[in-house]
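The values are calculated or read from the model by the stated rules, or taken from the named source; none is laboratory data. These numbers were taken from a predicted model, which means no experiment stands behind them. A quick note on method: Cβ atoms are made from the backbone with ideal geometry, for glycine too, and the neighbour counts reach across all protein chains shown.
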Amino acid sequence: MNHFGKRLLAFSLALGMTGVLAACGGGGTVDDGGTVKLRLSEVTHSVFYAPQYVALEKGFFAEEGLEVELINGGGADKVMVSVLTGEAEIGLAGPEACIYTLLEGREDAPRIFAQLTNCDGSFLVGRTDEDFSWENLRGKTIIGGRKGGVPEMTLEYTMKKNGVIPHVDATVDTSVQFNMMAGAFTAGTGDYVALFEPTATEVELAGQGYILCAIGEESGEIPYTAYFAAGSYMDENPDVIQRFTNAVYRGQQWVAEHSDAEVAQALVSAFPDTDVDVLTTVVGRYRGIGAWNTVPVMKQEALERLETVMEMAGELDQRVDFTELVDNSFAENACD
């Protein structure tokens, strides 16, 4: 069993022993005006998910009759637990969370219904403003994120592509919790760290590190972040899933059709502590690497590339049936 599975099993057993494991298909609530209230657990809070925040800010979810409450999950494993226990109706995380859960044979395993991003959204940050080469990592320590998570696996995949073997030529520290990685680095741990935006830019502006490269630009197209829900919830609430997907698609289209500065302005309410000029820079950085899908459909060949990354990381020894894991019908309907 992989590391994700062990944590998930331990958590689920603990909940089962205390009798508080919730039914996955419970669903959101409906207010007097007919608006459906949904809880969305996101793996972290990052400009990487700009189309989602645009959809919230521009009222695309509201126009679909949805009121979305965001929960910062702080890691894909925690997002999955939120969905499995009914704490959240919808999760946003790497597809690996759904792959692991499906392969564990869990009843009512969540299914993916929309894809948000299509490459790694992290940037390698170092302590010096160096002329970066992947060879520079030899003999060094990189804070890489949770073992078995897409960020950490993609980092290792990219290192291998560039001839640097993780845990042989360089140390990848997987002991630091996802939300604590920037703090650990600025406190002196490691020589490099992989950070999402706007955290990477904020570390650089504070003079505590330098952005050296975009990992996603090196790793290529991967279905990096997707929306999923328990199978029973999707079966019982197809209209809600469709309306949610419609709003996501509108957010993706809006981002694609507007300038970096316009997108940044739309993100101010989601990132009130980040200067709008920083947001504009970050939006441009993500747009430059093609981070955002323009449609929420997941391609089978892209998922298979992710499975290759997982296999190379030693975290996957069996592939999943694409049609069991992904239901593209909602995304396809949204695009019609």
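Looking at this structure, is residue 300 surrounded by fewer than 20 Cβ atoms within 10 Å (Cβ to Cβ) and either touching a Phe, Trp or Tyr at 6+ places or on another chain (Cβ under 7 Å) or not assigned by TED's automatic domain parsing to the domain that holds residue 51 (or both)? Let's see the steps before the verdict.
Working: surrounded by fewer than 20 Cβ atoms within 10 Å (Cβ to Cβ): yes; either touching a Phe, Trp or Tyr at 6+ places or on another chain (Cβ under 7 Å) or not assigned by TED's automatic domain parsing to the domain that holds residue 51 (or both): yes.
The answer is yes for residue 300.
Name the residue, out of 241, 215, that is in the same structural domain as residue 63 (by TED's automatic domain parsing) and either of a type outside the set (A, V, I, L, M) or crowded, with 19+ Cβ neighbours inside 10 Å (or both). Steps first, please.
Details: 215 fails: in the same structural domain as residue 63 (by TED's automatic domain parsing).
After ruling out the rest, the residue left standing is 241.
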- Task: Consider residue 248 carefully, then state whether it is under 18 Å from the mean Cα position of the chain (by Cα), outside the structural domain of residue 99 (by TED's automatic domain parsing) and in contact (Cβ under 8 Å) with a residue 40 or more places away in the chain.
- Result: no
- Could you figure out which of (1) in a strand (DSSP E or B); (2) free of Cβ contacts under 8 Å to residues at least 40 places away in the same chain isn't true of residue 211? (2)
- Hey, residue 251 under 26 Å from residue 75 (Cα atoms) and surrounded by fewer than 21 Cβ atoms within 10 Å (Cβ to Cβ) or not: no
- Message: Whether any residue in region 137-157 is without any contact (Cβ under 8 Å) to a residue 24 or more places away in the chain and acidic (Asp, Glu) is what I want to check.
- Response: no
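Being surrounded by 19 or more Cβ atoms within 10 Å (Cβ to Cβ) and at pLDDT below 95 is the filter; apply it to region 139-153 and report the residue that is nearest to residue 312 (Cα to Cα).
Start the filter on region 139-153 by keeping residues that are surrounded by 19 or more Cβ atoms within 10 Å (Cβ to Cβ), which leaves 142-146, 148-153.
In the following step, the residues that additionally are at pLDDT below 95 were identified as 145-146, 148-153.
Working: 145: 17, 146: 16, 148: 11, 149: 13, 150: 12, 151: 14, 152: 12, 153: 8 Å.
The extreme case among them is 153.
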- Message: So, residue 330, is that one outside the structural domain of residue 144 (by TED's automatic domain parsing) and within 22 Å of residue 66 (Cβ to Cβ) or not?
- Response: yes
- Filtered residues of region 103-129 (kept if surrounded by fewer than 18 Cβ atoms within 10 Å (Cβ to Cβ) and either at pLDDT 95 or above or among the hydroxyl-bearing types (Ser, Thr, Tyr) (or both)): 127, 128, 129
- Item | Complete set of residues in region 236-286 that are of a type in the set (S, T, N, Q), closer than 29 Å to residue 34 by Cβ and part of a helix (DSSP H, G or I) | 242, 245, 246, 252, 253
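Within 20 Å of residue 41 (Cβ to Cβ), modelled with pLDDT of 95 or more and either surrounded by fewer than 22 Cβ atoms within 10 Å (Cβ to Cβ) or in contact with a helix residue (DSSP H, G or I) (Cβ under 7 Å, 6 or more places away or on another chain) (or both): is that true of residue 263 in this structure? Don't jump to the end; show me each part of the working.
On the way: within 20 Å of residue 41 (Cβ to Cβ): no; modelled with pLDDT of 95 or more: yes; either surrounded by fewer than 22 Cβ atoms within 10 Å (Cβ to Cβ) or in contact with a helix residue (DSSP H, G or I) (Cβ under 7 Å, 6 or more places away or on another chain) (or both): yes.
Against the criterion (within 20 Å of residue 41 (Cβ to Cβ), modelled with pLDDT of 95 or more and either surrounded by fewer than 22 Cβ atoms within 10 Å (Cβ to Cβ) or in contact with a helix residue (DSSP H, G or I) (Cβ under 7 Å, 6 or more places away or on another chain) (or both)), residue 263 does not qualify.
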- Item | Residues that are part of a loop (DSSP other than H, G, I, E, B) and surrounded by fewer than 15 Cβ atoms within 10 Å (Cβ to Cβ), drawn from region 320-336 | 321, 336
- Selection count, region 78-94, where residues are in a loop (DSSP other than H, G, I, E, B), modelled with pLDDT of 95 or more and either touching a Ser or Thr at 6+ places or on another chain (Cβ under 7 Å) or under 25 Å from residue 181 (Cβ atoms) (or both): 2
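Could you name every one of the helices (runs of 4 or more DSSP H) located completely within region 1-69 that has at least 1 residues being modelled with pLDDT under 95 and within 27 Å of residue 153 (Cβ to Cβ)? Working first, answer last.
Numbers: elements: 3-18, 50-57, 60-63.
Of the helices (runs of 4 or more DSSP H) lying wholly inside region 1-69, those with at least 1 residues that are modelled with pLDDT under 95 and within 27 Å of residue 153 (Cβ to Cβ) span 3-18.
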- Taking region 175-196 and keeping only residues that are surrounded by 16 or more Cβ atoms within 10 Å (Cβ to Cβ), in a loop (DSSP other than H, G, I, E, B) and at pLDDT below 95, one is left with 176, 196
- In region 60-100, residue nearest to residue 239 (Cα to Cα) [restricted to those that are surrounded by 24 or more Cβ atoms within 10 Å (Cβ to Cβ) and either β-branched (Val, Ile, Thr) or outside the structural domain of residue 325 (by TED's automatic domain parsing) (or both)]: 90
